[in-house]
2 protein chains.
Amino acid sequence: MAAETSLKTIEWVGGVDGFVRMIDQTRLPGELVHVEIHDPPAMWEAIRQLRVRGAPAIGIAAAMGVVLGLRDVNDTDVAILRKRLDEVCEYLSTARPTGVNLTWALQRMRRRADALGQSDVATLRRALLDEARRIRDEDAAMCHAIGQAGESLIRPHAGVLTHCNAGGLATAEYGTALAVCYAAHERGRPFRVFADETRPLLQGSRLTAWELQQAGIDVTVICDSTAGMLMRRGEIDLVLTGADRIAANGDTANKIGTYSLAVLARAHDIPFYVAAPSSTFDLSIPDGSHIPIEQRDPDEIRRGFGRLTAPPQAKCFAPAFDVTPAELIRGLVTEAGIISPVGTESISAALGAREACQNIWNRR
Amino acid sequence: MAAETSLKTIEWVGGVDGFVRMIDQTRLPGELVHVEIHDPPAMWEAIRQLRVRGAPAIGIAAAMGVVLGLRDVNDTDVAILRKRLDEVCEYLSTARPTGVNLTWALQRMRRRADALGQSDVATLRRALLDEARRIRDEDAAMCHAIGQAGESLIRPHAGVLTHCNAGGLATAEYGTALAVCYAAHERGRPFRVFADETRPLLQGSRLTAWELQQAGIDVTVICDSTAGMLMRRGEIDLVLTGADRIAANGDTANKIGTYSLAVLARAHDIPFYVAAPSSTFDLSIPDGSHIPIEQRDPDEIRRGFGRLTAPPQAKCFAPAFDVTPAELIRGLVTEAGIISPVGTESISAALGAREACQNIWNRR
């Protein structure tokens, strides 16, 4: 297992009265600093401020945040615990709107509580901690499977372009788009990655370049605007990104700039793939027009690095995400394999197969 | 005349023993600071460090830099002055490689000296200062004419996307792409501009947004990666950029990211125009493959804002420019009118007409 995978993006420390430890990703690449999170407001802030980010990692953070919210419930009345559970889920669900893993994880915690019915408070708390840990472990397993499913997409000596950070730092381990890179690298295949720096918060240059360097993968940072030139020069053979939410038809919300890459890839006849676990699919919405797009603080553009880089009162348009229509996506790399072509039927068929896998995991 | 046009991007102060005063554009938008330039090395540094930037403004800076280089020639031997002239031209031509206005202006200074033959040193120095000032004044006149030629491209309530800074700060006055905006604004036409921030040096957010705000034009800053999403939402009706060098067939070198915008514009059926004076055309090269592309210091990406934003040793690919092929350009807005369609013949015909204009100017 490569060095990078031993990084603990987020973990639970101790028993039901324990806490969460996570890498503060806002401090990378300058410093590798861990923060401890002891209550839901701190978790909400960590998600909002992108100390933890990446749709799958946010899902894990939310599930663990639920357990934190139940820590001081000493009452023996299960009804009080259930009420608190609802409140905490409601609260954490507001931290970020676009990624679906956040609500997916919270729903899963609620369902687990429902399944346990009128068990006593201690049993419920323990079961919910187990569930949060299971979400983390399953995410690691899914990411590993994504890597295996997608690695053959990277041909020897290929140039792979990625955007934002869809790596180990965005998930429990391995990542999604980067899991594919790690799996190809583990097979000893030579290739190079171009990492879009990914304005405004530079997850590509700060996190992706850092992760790939740690793993010994050849990585070159570029400004987001340089992707087109590289494609025209024939240096890109594959574009591979993660996802924050995938609608039933395959329309995909991901970091702002992903749509532009997909259009550019199409214009240069370069395959564009999205890698994501099944927890990132939202089959309740038919297409991408139903995905809420988070708007970020304009100061992330105007003062993103502590220095004024635009007139102080300049208007900014600062969406965190855009939506890439399914027709621009050659395939979706999931833990159940590659879905291609991308459409409502192929997705529904593949995720049905995934459900069967899931049941096997759950029976372990 | 709008407020912004009274900004003196670059000017000569005093007589033949005078100096250059320019806005230090690296300090904007935080501070409006002027620097004085007294010798060629200081001018070389100012061009290289982008204190003065924009192809037309660099041409003016180079011409004035030549005059600075002759300031301490007190000898009465014209041969010594001519030798110094050659040395200074050679030296300044290395400051930046892509924009053609730099070499164009230096050649023009040499031609002026040639035309004066064996005049005495004092006459030559005065004539060369006059020539540098004429380059500046002609640039202002050409930019004004570009605005008039292009203003009808901006329809009422249009969304105009621009990249980098092709404004008054990039030229003597008015700008090129922004001259078109200023001319439409002077006619009272309502429209809005989206300014790509333009990584890595943020000329869009630092300079274009600042200039347009000063002029009272509605401007919104976006990250470069957001352009595609805005086009898909139907918010962009026109893409308008400047140019650093235009080959005989219309292939255009401009700030890195311009090519991506042109591809995106084509995919969304949005007209893409380039605005530039005739001094930006290089008819000596048949197409864009002959344009040298400047590579910048990777630390402009890794530490662009004084803070480490990538691993310190991260490889970066940092071209300052890319080349947009002529077939993606709907038209070239020049002081001689709009050249459309764009091709070797249409350009040659239009610039022939321009030469006639130029002769009229020169006879003034």
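Read-outs throughout are calculated quantities, based only on the coordinates presented, and are distinct from any laboratory measurement. Not measured: the values here are computed from a predicted model. Here the Cβ positions follow ideal geometry from the backbone for every residue, glycine too, while neighbour counts run over all protein chains shown.
If only Cα atoms are counted, what is the Rg of segment B:166-294, and what is its Dmax, in Å?
14.5, 41
Compute the distribution of all C-alpha to C-alpha distances in segment B:1-66, in bins of 10 Å from 0, and list the percent of pairs in each, rounded to whole numbers.
21, 56, 21, 2
Distances over 26 Å make up what percent of all Cα-Cα pairs in segment A:2-122?
When all Cα pairs of segment A:2-122 are counted, 20 percent exceed 26 Å.
Where the label is 7 Å out from Cα toward Cβ, how close does A:GLY15 come to the same position in every other copy, in nm, shortest first?
The projected label point of A:GLY15 is separated from its counterparts by 9.4 nm.
Could you please report the charge total around A:GLY159, scoring K, R as +1 and D, E as -1 over all other residues with beta-carbon less than 9 angstrom from its beta-carbon?
-1
Once you charge only the Cβ atoms, +1 for Lys and Arg and -1 for Asp and Glu, what is the size of the charge dipole of chain A about its Cα centre, to the nearest 20 debye?
320 debye
Could you work out how far the C-alpha centroid of segment A:33-54 sits from that of segment B:318-339, in angstrom?
Comparing the Cα centres of segment A:33-54 and segment B:318-339, I get a distance of 47 Å.
So what is the calculated 222 nm ellipticity per residue for chain B, using -39500 (n - 2.57) for each DSSP H run with n of 4 or more, over all residues, to the nearest 500 deg cm²/dmol?
Mean residue ellipticity at 222 nm (helix-derived): -12000 deg cm²/dmol.
Taking the Cβ of B:THR176 as the center, what net charge do the other residues with Cβ under 12 Å away carry, scoring Lys and Arg +1 and Asp and Glu -1? Intermediate results must be reported in sequence, preceding the final value.
On the way: positive: none; negative: B:ASP139, B:GLU173, B:ASP244, B:GLU335.
Neighbour charge sum, excluding B:THR176 itself: -4.
In debye, nearest 20: dipole of the protein assembly as shown around its Cα centre with unit charges on the Cβ of K, R (+) and D, E (-)? List each step's numbers first, then the result.
Values: 80 positive and 90 negative charges, 22 e Å.
In debye, rounded to 20, the protein assembly as shown gives about 100.
Nearest to the axis that maps chain B onto chain A: list the chain B residue whose Cβ wins, with the distance in whole angstrom.
Nearest Cβ to the rotation axis, residue and whole-Å distance: B:PHE305, 1.
Express the relative contact order of chain B as a whole percentage, based on alpha carbon pairs under 8 Å and six or more residues apart in sequence. Show your work: numbers first, answer last.
Numbers: 750 pairs, mean separation 57.5, N = 364.
Taking the mean separation of contacting Cα pairs over the length of chain B, I get 16 percent.
At 0.36 nm per residue, and after removing the present C-alpha to C-alpha distance, how many nm does the segment from B:ARG134 to B:ASP218 gain when stretched out fully?
Length gained, B:ARG134 through B:ASP218: 26.9 nm.
Output the Cα-based Rg and Dmax of the protein assembly as shown in Å, rounding Rg to one decimal and Dmax to a whole number.
28.9, 106
Taking K and R as +1 and D and E as -1, what net charge do the other residues with C-beta under 10 Å from the C-beta of A:ILE47 add up to?
+3
Take the eigenvalues of the Cα gyration tensor for segment A:62-171, scale each by 5, and report the square roots as semi-axes in whole Å, largest first.
Semi-axes (√(5λ), whole Å): 36, 15, 10.
So the label point sits 7 Å from Cα along the Cα-to-Cβ vector; using that for B:ASP114, what distances do you get to the other copies, in nanometres, sorted shortest first?
Those label-point separations list as 8.5 nm.
Would you work out which of B:PHE272, B:LEU124, A:VAL35 lies farthest towards the positive end of the dipole of the protein assembly as shown? Charges go on Cβ: Lys and Arg +1, Asp and Glu -1.
Ranked along the dipole, the leading option is A:VAL35.
Using a 10 angstrom cutoff on alpha carbons, build the Gaussian network for chain A and name the most mobile of A:GLN313, A:GLN25, A:GLN118.
A:GLN313
In degrees between 0 and 90, to the nearest 10, how far off the longest principal axis of chain B does helix B:78-92 point, with axes built from Cα atoms?
Roughly 20 degrees, rounded to the nearest 10.
Once both axes come from the Cα atoms, what is the angle between helix B:258-267 and the longest principal axis of chain B, in degrees from 0 to 90, rounded to 10?
In chain B, helix B:258-267 runs at an angle near 30 degrees to the longest axis.
For chain A, build the convex hull from the C-alpha positions and give me its volume per residue in Å³.
Per residue, the Cα convex hull of chain A comes to 134 Å³.
Compute the label-point distances linking A:ARG189 to its equivalents in the other copies; points lie 7 Å from Cα along Cα→Cβ; give nm, one decimal, shortest first.
So the distances to the same position in the other copies read 5.2 nm.
Just checking the output field for B:195-203: average partner chain Cβ neighbours within 10 Å of each residue's Cβ?
Partner-chain Cβ atoms within 10 Å, mean over residues of B:195-203: 5.
Amide H neighbours of B:VAL193 under 5 Å, counting only residues 5+ apart in sequence or on other chains, H built in-plane at 1.01 Å?
Those lying under 5 Å, H to H, from B:VAL193 are B:VAL160, B:ASP218, B:VAL219, B:THR220.
What number in nm² do you get for segment B:248-346 if you take the convex hull of its Cα atoms and divide its surface by four?
Taking a quarter of the hull surface, the average projection is 7.9 nm².
At a threshold of 8 angstrom on Cα-Cα distance, excluding pairs fewer than six apart, so keeping six or more, what relative contact order does segment B:254-354 reach in percent?
On the way: 120 pairs, mean separation 35.9, N = 101.
The value is 35 percent.
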